[in-house]
1. Among Gly295, Gly300, Gly308, Gly320, which is open to solvent by 30 Å² or more (accessible area, probe 1.4 Å), at pLDDT below 95 and out of contact with any His (no Cβ under 7 Å at 6 or more places or on another chain)?
2. Does the range 202-233 hold any residues that are among the acidic types (Asp, Glu) and either touching a Phe, Trp or Tyr at 6+ places or on another chain (Cβ under 7 Å) or part of a strand (DSSP E or B) (or both), and which are they?
3. Step by step: first the residues of the range 183-201, then only those that are out of contact with any Pro (no Cβ under 9 Å at 6 or more places or on another chain) and not in a strand (DSSP E or B), then the one that is most open to solvent (accessible area, probe 1.4 Å). Which residue is that?
4. Of the residues that make up the range 336-344, is at least one open to solvent by 60 Å² or more (accessible area, probe 1.4 Å), closer than 23 Å to Ala287 by Cβ and among the small types (Gly, Ala, Ser)?
5. Could you look through the range 234-280, keep only residues that are in a loop (DSSP other than H, G, I, E, B) and closer than 20 Å to Gly221 by Cα, and pick out the one that is nearest to the chain's Cα centre (by Cα)?
6. Taking interchain pairs and intrachain pairs at least six residues apart, which have beta carbon atoms under 8 angstrom, with the first residue in the range 229-255 and touching a residue at least 60 places away in the same chain (Cβ under 8 Å) and the second open to solvent by 70 Å² or more (accessible area, probe 1.4 Å) and assigned to a loop (DSSP other than H, G, I, E, B)?
7. Testing Thr194 on (1) more than 54 Å from the chain's Cα centre (by Cα); (2) within 27 Å of Lys269 (Cα to Cα), one condition comes back false. Which one is that?
8. Is it the case, given these coordinates, that Val117 is at pLDDT below 95, in a strand (DSSP E or B) and touching an Asp or Glu at 6+ places or on another chain (Cβ under 8 Å)?
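The values are calculated or read from the model by the stated rules, or taken from the named source; none is laboratory data. Note that the coordinates shown come from a computational prediction; the quantities given were computed from them, not determined experimentally. Because the Cβ atoms are built from the backbone with ideal geometry, glycine has one as well, and the counts that use them run over all protein chains shown. SASA here: full protein model, heavy atoms, side chains in, ligands and nucleic acids out. Shrake-Rupley method; radii C 1.70, N 1.55, O 1.52, S 1.80 Å.
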Amino acid sequence: MNHGLHRLASLALAILGLAGSANAATVTATTDAFRLSIKQDGIRPSAGDETLTYSSRWDGGEGATVTLAQDGAALAEGLTGEGDRAWSVSRNGTYVLTHTTYTNGVAGAVETVTFIVTGKDIPFSATDVTVTDYAGTYDGTLHGVGVTVAEGIADAVVRYATAEDGEFSATPPTLTDAGSMTVWCEIAAPGYITQTNTATVTLAKREVTLTSGSAGKVYDGTALTKHEVTVGGDGFVDGEGASYAYTGSQTEAGSSENTFTYTLNDGTKAGNYAITTVNGTITVTKANAGGGEGGGEEPGGGQVPEGGISTFDTTFMYDGEGHMIDTDALVAAFGGAMIGERSYMYAQAQDPSDTTPPTEGWAADAPAYTNAGEYVVWYRVANPNYVDFVHAAKVMITNRPVTVTSGSGDWTYDGQAHANDTVTVEGFVDGEGIEASNFATITDVGSIANGFDYTFTEGTLAENYAVTCVTGTLTVAAADISGWTDEKKWSVTLAGYGAIYDGTEKTC
């Protein structure tokens, strides 16, 4: 409903009530000039431009005055003397004639008469007045509704209120903070019915996204942080913003959110913003304990022996004891290359030529080897913050050199076979050795090597030893046969040289 018409109708009803009072008379429409006299008032439709007159009928001295006012604003005042006065009725209004008498310079009776003109003003057309809403996003500045009155309408006045029954003012209401406000706009112009419209000012909250930074590094035992926030979305208005406190931290290998909190700066109102927080990611990747490209080189600075595969290779001569790769050096090297506790696992390679770590058979203790040979052992060093380090090392056990020396002997030829079945052994591990047999024999004059056969005693493995045989010498010197009888000389029997090896024993 047009609020201006509503207010005019209410005014007309009130005036009609006045017309029916004892002091008012209803005046009918006429094209004649309307004559307004004291004690004669009324309500009438306007007949167009007409002249309003009054008759001065009063008593008193020459100081008597008459005042005419339209809607409370004086049109003429301080009129004196008798006669008629005329005014043009330019618009609807309530006209009041006030008569004050003076006697001897003293104000006397005050009389009024009211004349109300209706029906003269016309409504604004649809294109004469435009009232527009404002919808936007909070930007820290003032915003109000828009009112436009056509240029052909002179002396237009716009007044505003924030409630339908509120107090209207020429100052437009404005909205700065996010929210909504309805504004009543009263548009008035001479010759037009006052019109009241409404419009709305709406300011949405600024959409702001606060995103903490992301970062990554290789594990080094220290905490990774990223104290950075990026402001996105609509962003803060100039001069407004927030401060940040960071709680995100990552020390161990892995990832976590870069959590943070924010506090709005002074003058930054929470109600003006719709703030969304997004946590970045801080990631610590596992480190490599080894050096070189890809981290595959063993730490510790050791040297790989010739023919070996690891700085933790070991070489031993067979001694009957169990031997492992150099686990002490291994633990010390990785202790210096890795932060924190480590676990060590070992597995024997079933095929020494296989370069792929075994999938089973891993144990916390390194395997030990006793017998001569080359053995490949895989080891794995693990720590949650490091890539598992897997490498192979060798245990090399060489043959133990042993010397077996047969005894020597000297005899004078007597026709009998002679032998020395003693041997001297050097180098065997305690409890291990050989048994010698089939020693050489000598009968005739001359010298021969004291060859012999040997077998390893029970529990002694031939592959653990490199046996060197040294033979003594058996010598038979010619007998002094002077003084022998012929019979004795010819009774001497010649004997052969030593036994021959039959494949079941060793022969020296």
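1. Details: Gly295 fails: open to solvent by 30 Å² or more (accessible area, probe 1.4 Å); Gly308 fails: open to solvent by 30 Å² or more (accessible area, probe 1.4 Å); Gly320 fails: at pLDDT below 95.
Sole residue among the options that is open to solvent by 30 Å² or more (accessible area, probe 1.4 Å), at pLDDT below 95 and out of contact with any His (no Cβ under 7 Å at 6 or more places or on another chain): Gly300.
2. To start, the set of residues in the range 202-233 that are among the acidic types (Asp, Glu) comprises 207, 220, 228.
Matches in the range 202-233: Glu207 only.
3. My answer is Pro190.
4. yes
5. Ranking the candidates gives Gly248 first.
6. Partner pairs satisfying both residue conditions: Glu252/Pro384; Ala253/Lys286; Ala253/Pro384.
7. Here Thr194 clears every test but (2).
8. Working: at pLDDT below 95: yes; in a strand (DSSP E or B): yes; touching an Asp or Glu at 6+ places or on another chain (Cβ under 8 Å): no.
In short, no.
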